[in-house]
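Notes for the one structure printed next.
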Amino acid sequence: MSNRLAKISLPIWLTTIFGILMIIEFFFSMPKIVTDTNTLLRSWVTIVSAAALILGTLILTIAHVKRAYERKTGWYYSLIYIGSFVVAGALGLISVRETNFMWIFNNMTSPIGAALYSLTAFTITSAAFRVFRARNWKATVMLVTGFIVLMMLLPVGAAIFPPIVPIGEWIRSFPSSAGFRGMIIGISLGTIGLGVRIFLGRQKEHLGIREEKKEAS
Amino acid sequence: MGRPVWYLFGSTDLTTPSILAPTIAAFQTLSYTARVAARLGAKFFVPLNQGLAYTMASDIVREAYLAENKLEDFDPLKTVMYLPAGADRMYIINHMWEEQVAGAFFLGSWYHEAVIYTENAAREGAVMLGGTDTTHNIPFLVAICDYSVIGEELYALGAYVSQDVLQSSSLAGQDVGKYFAIIAILTGAVLVTAGISLSWLFALGW
């Protein structure tokens, strides 16, 4: 098998064939063999995703072991990772429903995750301040409409200035909806365009393939 | 000088169709960006929190460095890094400060993480390019990023930057498709307004 066939042609052909198989089932009623093949392919996706997760975890572990071994900056954090990985992995392998494993999940993983998420509240506040500054007329439009919709949603807004509610409703129902629908139609057409380019093998960078560009004559 | 360029994807769960399409579109641009970074000797960093997307991105960036004969600059453990979901946020925020990120790409399917990361990149004075098809985040990325690609431009970006004649010409073909869609939408609106129904066309079973 030539190098080009293995690295370029085969992945493109596989993408095209499997992609078309999935799409035709959506639009037309297909024989059982096609629907069965598609069901099989979808289960392959789950298996490949799981395998990729294992690969990702392995690479992360190798990176931390390497950092701890070479005593690079923050190597002790790597030791914490390795320890956590070994303990949680071992308990999970025994049984994911086992009390100790669930204790780790409920009392350590979940609270740490919640704490990390809550920290982002501060970032979101300062980001809102940065975005809602009236730097130019476009940002001013965003500031004014954002303020109106916010006041509409807050009980205090209607109490201070009752007409804010119909104005806010009008912004949400008409200019905002029209903009969103236009955007969604454009995005759908863009997705179709990308799909066609991928199926025809014109765009293949996502497969790690990049041939030298053809200069316009 | 010497400050890194980051390429961030947002949500990368490739088994979700609404996330798959923008992520694949962002992969197309990643290939070009990684190649330019390799050519110029810029520090390039791609963090990902999903295994499948990680393996794909790793392959794309490696090929880009290989194409520029700079494979020695590609660190398989650092250039593209897998960060477990949940831990990725604090790692990215912390390292954006530590490494003083100079440029950041926010392409793909972005949800609330866009607010967190762009804010931190903005604090570091990074030049930002943002683009997503997630409608509720488009206004935010347009407002905060120095450069933005809006909606379907994300899908065209990979073809545009490739400077490949065939890919660029397909964008022109896509525009023709848009004109047909606009005509169809306008015709449909006029017919519905006039009370003319074409529903019998769709009842033929095809």
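Per-residue answers, yes or no, for (1) more than 10 Å from chain B (Cβ to nearest Cβ); (2) closer than 30 Å to A:ILE12 by Cβ; (3) assigned to a helix (DSSP H, G or I); (4) modelled with pLDDT under 80:
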residue	(1), (2), (3), (4)
A:ILE104	yes, no, yes, no
A:LEU119	no, no, yes, yes
A:GLY146	no, no, yes, no
A:GLU169	yes, no, yes, no
A:SER188	no, yes, yes, no
A:ILE192	no, yes, yes, no
A:GLY195	no, yes, yes, no
A:HIS206	no, yes, yes, yes
ask   = Can you tell me which residue in the range B:158-170 is farthest from A:SER126 (Cα to Cα), limited to those that are touching a residue at least 12 places away in the same chain (Cβ under 8 Å), in contact with a helix residue (DSSP H, G or I) (Cβ under 6 Å, 6 or more places away or on another chain) and within 8 Å of chain A (Cβ to nearest Cβ)?
value = B:ALA159
message = For the range B:67-98, give me each residue that is over 18 Å from B:TYR54 (Cα atoms) and assigned to a helix (DSSP H, G or I).
response = B:ALA67, B:LEU71, B:GLU72, B:ASP73, B:MET90, B:ILE93, B:ASN94, B:HIS95, B:MET96, B:TRP97, B:GLU98
Top-ranked residue in the range B:6-27 [being in contact (Cβ under 8 Å) with a residue 24 or more places away in the chain and in a helix (DSSP H, G or I); ranked as farthest from the other protein chains (Cβ to nearest Cβ)] = B:ILE19
task = Could you check how many residues of the range B:89-128 are touching a Pro at 6+ places or on another chain (Cβ under 9 Å) and under 25 Å from A:ALA115 (Cβ atoms)?
result = 6
ask   = With respect to A:LYS138, is the statement that it is loosely packed, with under 13 Cβ neighbours inside 10 Å, within 29 Å of the chain's Cα centre (by Cα), charged (D, E, K, R) and within 14 Å of chain B (Cβ to nearest Cβ) true?
value = yes
task = Please give the number of the condition B:GLU124 fails out of (1) at pLDDT below 90; (2) over 21 Å from the mean Cα position of the chain (by Cα).
result = (1)
key: Residue check for A:THR46: within 9 Å of chain B (Cβ to nearest Cβ) and surrounded by fewer than 11 Cβ atoms within 10 Å (Cβ to Cβ)   = yes
request  = Could you list all residues from the range B:171-186 that are facing chain A (nearest Cβ under 7 Å) and touching a residue at least 12 places away in the same chain (Cβ under 8 Å)?
outcome  = B:GLN174
request  = Kindly establish whether A:SER9 is in a loop (DSSP other than H, G, I, E, B) and either of a type in the set (Asp, Glu) or more than 27 Å from the chain's Cα centre (by Cα) (or both).
outcome  = no
query = Got a sec? Which of B:TYR155, B:TYR111, B:TYR117 is in contact (Cβ under 8 Å) with a residue 24 or more places away in the chain and not in a helix (DSSP H, G or I)?
reply = B:TYR111
task = Mind listing whichever residues of the range A:56-69 are modelled with pLDDT under 90 and surrounded by fewer than 18 Cβ atoms within 10 Å (Cβ to Cβ)?
result = A:THR57, A:LEU58, A:THR61, A:ILE62, A:LYS66
Residue that is farthest from the other protein chains (Cβ to nearest Cβ) [pool: residues in the range B:28-39 that are closer than 29 Å to B:THR16 by Cβ and among the β-branched types (Val, Ile, Thr)] = B:THR33
Subset tally (residues that are without any contact (Cβ under 8 Å) to a residue 24 or more places away in the chain and either facing another protein chain (nearest Cβ under 9 Å) or among the β-branched types (Val, Ile, Thr) (or both)) for the range B:75-85 = 2
ask   = Mind checking whether some residue in the range A:4-14 is under 17 Å from B:THR15 (Cα atoms) and not acidic (Asp, Glu)?
value = no
request  = Name, by its number, the condition in (1) more than 21 Å from B:THR132 (Cα to Cα); (2) among the polar types (S, T, N, Q); (3) loosely packed, with under 15 Cβ neighbours inside 10 Å that does not hold for A:THR145.
outcome  = (3)
message = Restricting to the range B:133-147, count the residues that are surrounded by 20 or more Cβ atoms within 10 Å (Cβ to Cβ) and either more than 9 Å from every other protein chain (Cβ to nearest Cβ) or in contact with a His (Cβ under 9 Å, 6 or more places away or on another chain) (or both).
response = 4
request  = Mind telling me which of the residues A:ARG71, A:ARG135, A:ARG130 ends up being over 21 Å from B:ALA85 (Cα atoms) and assigned to a helix (DSSP H, G or I)?
outcome  = A:ARG130
request  = Could you identify the single residue in A:GLY89, A:GLY83 that is of a type outside the set (D, E, K, R), more than 11 Å from chain B (Cβ to nearest Cβ) and either surrounded by 12 or more Cβ atoms within 10 Å (Cβ to Cβ) or not in a helix (DSSP H, G or I) (or both)?
outcome  = A:GLY89
message = Out of the residues in the range B:40-74 meeting the condition of being touching a residue at least 24 places away in the same chain (Cβ under 8 Å) and among the charged types (D, E, K, R), tell me which one is nearest to the other protein chains (Cβ to nearest Cβ).
response = B:GLU63
message = Which residue is surrounded by the fewest Cβ atoms within 10 Å (Cβ to Cβ), if the candidates are limited to the range B:50-70 and must be more than 18 Å from the chain's Cα centre (by Cα) and over 18 Å from A:ILE59 (Cβ atoms)?
response = B:ASN69
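The values are calculated or read from the model by the stated rules, or taken from the named source; none is laboratory data. Because the structure is a prediction, the values reported are computed rather than measured. Using ideal geometry, Cβ is built from the backbone for each residue, glycine included, and neighbour counts are taken over all protein chains shown.
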